[in-house]
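Engineer: Below is one structure. I have some questions about it.
The values are calculated or read from the model by the stated rules, or taken from the named source; none is laboratory data. Not measured: the values here are computed from a predicted model. Note that we place each Cβ from the backbone using ideal geometry, even for glycine, and neighbour counts take in every protein chain shown.
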Amino acid sequence: MARAAARAVQRDHDVAPRSVRVGLSVAAVKRRVDRLRDSAVITGFTVQVDHSRLGWTIEAFVELTYTGTTPVGEIVRTAYKTAEVQAVFTIAGAPDALVHVRVRDIGHLQHVIDGLRRTGNVTGAKTLMVLGSWTRN
């Protein structure tokens, strides 16, 4: 039941629709959500943004390879200096990092990739364009 309540919170921050989805009263769902927050299962709430309405219509992942002596903290720090970076994933194997970016157009993407290539100890980059996406809530 806790997992269902947590999923419902992810989809809709209003308690009433959550209670209907999980089959409990509004008060019961609120108590469960409060317990999930108190026990740090729910660590916060977010706002989902439609980036295309802001003009950021292109989404891509950039695989970055660094020299073998580059610390993980440095990889994250250099990527996050770029405003268009949405997330950085350090990964096992080659490449060393997968960087999620959002940009306005192809020229903007090229500018971002060029900037990432010039940071730190980057030895290689490969870009993967997102054609569509799906997220589990």
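Engineer: It is to be established whether one or more residues within segment 36-54 are surrounded by 15 or more Cβ atoms within 10 Å (Cβ to Cβ) and under 18 Å from residue 113 (Cα atoms).
Structural biologist: no
Engineer: Which ones in segment 51-75 are touching a His at 6+ places or on another chain (Cβ under 9 Å) and not in a strand (DSSP E or B)?
Structural biologist: 56, 57
Engineer: Go through (1) assigned to a loop (DSSP other than H, G, I, E, B); (2) modelled with pLDDT under 90; (3) farther than 20 Å from residue 136 by Cα one by one and return the number of the condition residue 40 breaks.
Structural biologist: Just one mismatch for residue 40, condition (2).
Engineer: Looking at segment 77-107 only, could you name the residues that are part of a helix (DSSP H, G or I) and buried (at least 17 other Cβ atoms within 10 Å of the Cβ)?
Structural biologist: 78, 79, listed by residue number.
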